[in-house]
Amino acid sequence: MKYMSLKYSIPKTKNELVLRKSLFKKLDEAVIAKLTTVVAPAGYGKTSLISSWANLNTKDNLCFKWISLDESDNEIHNFWNTFLNCLITEDKCSKAYKLSDNEQNLNFHYFITVASDYLAKSSDMRLVFILDDFHNITDSKIHKEFNTLIKYLPEKLHLIMISRERLPVSLSKYLINNEVLELDTEDLRFSVEETTSLFRRKSAINISDEDIKILRDNFDGWAAGMQIFILSNKDTNINSDSIREFTGQQRYIFNFFTEEVFEHLDEEIKSFLVKTSCLDVLNASLCDKAIGTNSSYKILEYLEQRNLFLFPLDDKNQWYKYHCLFKDFLNRQLNKHSEQCIKEIYYHAAIWYEESSYYTEAVSYYSKAEKYKEIVAILDNEGLNMLKRGNTSVLRRCLRSIPENISRENASVCIYYAWLSLLNSELNQVNRYLDYGKASLSRSNNDNYEGIEAQISTITIITDYLKGNINKNMEELKSSMELLQEFPQMYCIVALNLGGSYMAKGDINSGEYWFYETLNASKEIDSFYTAIIALRSMSTCKFLKGEIKELEELYTDCLKYCKTAKVEYSPIIGLLYVGIADINFRKNNLESCENYLETALELGEAANINEILYDGYLLMSKLLVCKKDYKKAIKMINKAKYISKKDKLFIRVIEPVETWEINLLLNVNDLSSVDQWERDNSVVLENDINMLNLAIYRTLSNIYIKKGLSIKSINTLSKIVSYSENNSLEGVAFEAYVKRALEYYKIEKLSEAFSDMESVAALLLKSENFRVVFEHDKELLDLLNMMKISTDNFPLDFLVNRLKIRTLKSSEELLSERETEVLNLVKLGYTNTEIGERLFISTGTVKRHIINIYSKLDVHTRTQAVLKASELNIL
């Protein structure tokens, strides 16, 4: 068994174990709740209870996962890394490490995602996640996230927390709702019956029921104390007097270890026990190295055969640990040795771990031995690999084990700190560590001088860039990308920001190039977060260029990638759903748009992901405008504005929420607010059009159209057409051509109107990407009919179809197929719940369909809807 898998192994159940059936029953009943807590001092059988229950459980629908938490898990990234690696099954172990090594994924959201995927494989399976020794976790950040995890725990996942100390979990709400089982010292105390069973299994000595009751009362049901009493009297006659003299106080337990166990061992065994007591786990090879012997295998075998408080951790009996009370006793003996002697044991244990490539454990023991040069040597050999793999939690623990005064004197250590600070956007810290690194480099002869210099230069450029010095550093940043390819995680982040910067400058093609780079590089390292952000950013380029079909294919591929990577339930997937909803909106598939959008917003709101919420609220407002629900649309706009003020993204510069708000106000004829915005922004028309003011130009053209200012609107639209054609923004040009054609038609400039519509037709024949929906169907149809009369072989039907012009308002096409199905069931008198059951959809979806029906038919009740639909021959 590999060393790391010991953390995830359920301890073996011994044959002589007392089966605690009443507690087993409570545990069986609790698995449908959120949480079980088992809190009691050492020796009360917490781990034995839960491990035996898990090992002996015969229910096929329960899947048990076990973590033995230790001090190395008391760091937030490593904590969630441990969780994820435990959860993933063996056949996906390598994929799990690749995913979990990416530090930005390490949080409770991602754990919920992976757990949900795990549970989705079986409809009736329940996952029982057991956390032993939770008292080792003292980090307040972990406590905070863990409380949130419990709040959003998947329905079929049950947590069991085992601890010697009070848990940092707020339980009152869950207790009220019967969502938690609490087991404490009182529950874990052995009853008289269990004490009797213990004696019968552990000892052949006859003892009266009365004496058993006295013994149980003296020890207050403390299992460890009673077992030690049995061991201490296995060769003597037990009577009532000896029972009364032996109390349950722990000082007597230590006396027992001294007098009844330790003093009867030979010196070699004593020395072995004491010296190896400072090791967390034991195996023969490790012990040989740590204490300088070659007899560890023989001694471990002897200790196990004699049942001397040594427990196997695996089926092959290669790894062991001491009973916690015995280990405490041995540690007291170890403290009698010199500090230097103890450090030597730590040092040689560290060497064994390093030679076995367990770098985290090696660093831990080197730190205890105060051998900091050896830690630096590990970093020199492995630090870059940790950084390249994105395994930053391990790198951080290595760095933190080195005292600050030593860290400052080592250039490579300072550079690693700078990289980590950069990844966490702690830009002030970056400069501090760079200064330390430069100073150290100038004072020492470092074999990797040029490599460190190159890293310092790259980090400096990136930091300046992220601080806003875009124009100054973009070319320098591009030149450093070759070096950054050695650091895939950082390469993705920088490439994504480069794309955004080019977009902000109006260079849409360069922006799109770097988004592609980010997308592909992110997939290579399974950084699905940056992959999705890159794709959503690329959407802006594609929409502006009118390349909707190609964009749709990219989203489909990315969704497949996320499913392959087993992350399709992650909250950030909501950003993919926003993109797919946006595509459906532009294709006038409003029902599909709404379905995807609702899913996206649920994910975004649950995880509080601003990227999802901003885009989702903005798109929802547009959808509500199509339904003429302007009041709700304005609410969505306000939500998007709030997020925009908190968190600025380049997309919001190119498609700012304020311009869409003005377009919304035009729909509700709130011209006073529109007039003020027009006065504030019309000065833009004096400047050349560019990517940053394109949204303002487009909004001003809409204002002029609404106000009937055809000449002004035509002039503005002409600038938009010219800019779009020069920059290959065919999506923008397509929309501007249609609007300008309608404006020409209004002022009876038919040749110009016809010319614009011919440009529209050419674009439609060139590509299937253009799916723009226009409000003025009647005017557009009139214009096309006039063109047909005036033009030979004019493709009227083609344009009507491709422009999605609604010519049959009273036909069955008014309602979607699903809405017609719902309305037919309404006519038959079915309730919303019954309709949902018949159509296999949720009641909420039924309600949404009915609201859509009311909006499309302009009615307010079920009866009115049925009558109106009958009149229109829909039913």
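The set of residues in the range 134-155 being at pLDDT 85 or above, in a loop (DSSP other than H, G, I, E, B) and closer than 25 Å to Leu49 by Cα consists of Ile137, Thr138. Filtering the range 481-516 to residues that are among the charged types (D, E, K, R) and touching a Leu at 6+ places or on another chain (Cβ under 8 Å) leaves only Glu486. Restricting Ile580, Ile612 to residues that are in contact with a Gly (Cβ under 6 Å, 6 or more places away or on another chain) and not assigned by TED's automatic domain parsing to the domain that holds Leu498 narrows the list to Ile612. Report yes if Leu590 is modelled with pLDDT of 90 or more, aliphatic (A, V, I, L, M) and farther than 21 Å from Leu717 by Cβ, otherwise no. No; evaluated as a whole, the condition is false for this residue.
I'm trying to understand the selection: among the residues of the range 270-286, which are assigned to a helix (DSSP H, G or I), closer than 19 Å to Cys341 by Cβ and out of contact with any helix residue (DSSP H, G or I) (no Cβ under 6 Å at 6 or more places or on another chain)? Answer for the range 270-286, where residues must be assigned to a helix (DSSP H, G or I), closer than 19 Å to Cys341 by Cβ and out of contact with any helix residue (DSSP H, G or I) (no Cβ under 6 Å at 6 or more places or on another chain): Lys270, Ser271.
A single entry from Leu215, Leu149, Leu198 fulfils the requirement of being assigned by TED's automatic domain parsing to the domain that holds Asp60 and among the hydrophobic types (A, V, I, L, M, F, W, C): Leu149.
Within the range 802-853, the only residue that satisfies the criterion of being in a helix (DSSP H, G or I), of a type in the set (A, V, I, L, M, F, W, C) and at pLDDT below 75 is Leu814.
Taking Ile637, is it surrounded by 21 or more Cβ atoms within 10 Å (Cβ to Cβ) and under 15 Å from the mean Cα position of the chain (by Cα)? In short, no.
For the range 606-616, the set of residues classified as at pLDDT 80 or above and either within 12 Å of the chain's Cα centre (by Cα) or among the hydroxyl-bearing types (Ser, Thr, Tyr) (or both) consists of Tyr614 only. Restricting Leu619, Leu559, Leu603 to residues that are surrounded by fewer than 21 Cβ atoms within 10 Å (Cβ to Cβ), under 25 Å from the mean Cα position of the chain (by Cα) and hydrophobic (A, V, I, L, M, F, W, C) narrows the list to Leu559. The residue that is surrounded by the most Cβ atoms within 10 Å (Cβ to Cβ), among those in the range 415-433 that are touching a Ser or Thr at 6+ places or on another chain (Cβ under 7 Å) and of a type in the set (A, V, I, L, M, F, W, C), is Val430. Where helices (runs of 4 or more DSSP H) sit wholly within the range 397-444, those with at least 3 residues that are among the basic types (Lys, Arg) occupy 427-443.
With a requirement of 1 or more residues that are at pLDDT 80 or above and over 51 Å from the mean Cα position of the chain (by Cα), the helices (runs of 4 or more DSSP H) lying completely within the range 166-249 that satisfy it span 209-218. Residues in the range 685-721 that are out of contact with any helix residue (DSSP H, G or I) (no Cβ under 9 Å at 6 or more places or on another chain) and part of a helix (DSSP H, G or I): Glu686 only. In the range 522-542, the condition of being outside the structural domain of Ser728 (by TED's automatic domain parsing), surrounded by fewer than 20 Cβ atoms within 10 Å (Cβ to Cβ), without any contact (Cβ under 8 Å) to a residue 60 or more places away in the chain and within 25 Å of Ser816 (Cα to Cα) is met by no residue. Every listed requirement among (1) over 21 Å from the mean Cα position of the chain (by Cα); (2) on the phi > 0 side of the Ramachandran plot is met by Met538 save one, (2). Of all the criteria given as (1) of a type outside the set (Val, Ile, Thr); (2) surrounded by fewer than 18 Cβ atoms within 10 Å (Cβ to Cβ); (3) modelled with pLDDT under 90; (4) under 30 Å from Leu265 (Cα atoms), the one not satisfied by Lys368 is (3). Any chance the range 331-344 includes a residue that's out of contact with any Leu (no Cβ under 7 Å at 6 or more places or on another chain), part of a loop (DSSP other than H, G, I, E, B) and surrounded by 16 or more Cβ atoms within 10 Å (Cβ to Cβ)? No: zero hits.
Quick check on Asn584: is it in a helix (DSSP H, G or I) and over 17 Å from Tyr152 (Cα atoms)? In short, yes.
Could you list, in sequence order, all residues of the range 27-66 that are among the small types (Gly, Ala, Ser) and in contact with a helix residue (DSSP H, G or I) (Cβ under 6 Å, 6 or more places away or on another chain)?
Result: Ala40, Ala42, Gly43, Gly45.
I'm trying to understand the selection: among the residues of the range 681-719, which are over 14 Å from Ala736 (Cβ atoms) and small (Gly, Ala, Ser)? Of everything in the range 681-719, those that are over 14 Å from Ala736 (Cβ atoms) and small (Gly, Ala, Ser) turn out to be Ser682, Gly708, Ser710. Scanning the range 295-330 for residues that are modelled with pLDDT of 90 or more and loosely packed, with under 14 Cβ neighbours inside 10 Å gives a single hit, Lys298. Taking residues in the range 418-442 that are at pLDDT 80 or above, and partners anywhere that are basic (Lys, Arg) and surrounded by fewer than 22 Cβ atoms within 10 Å (Cβ to Cβ), the pairs with Cβ atoms closer than 7 Å and at least 6 places apart or on different chains are Leu420/Arg396; Tyr436/Arg408; Ser440/Arg408. Determine, yes or no, whether Asn497 is at pLDDT below 70, out of contact with any strand residue (DSSP E or B) (no Cβ under 6 Å at 6 or more places or on another chain) and either at negative phi or charged (D, E, K, R) (or both). Criteria not met by Asn497.
The values are calculated or read from the model by the stated rules, or taken from the named source; none is laboratory data. Because the structure is predicted, anything quoted here is derived from the model rather than measured. Because the Cβ atoms are built from the backbone with ideal geometry, glycine has one as well, and the counts that use them run over all protein chains shown.
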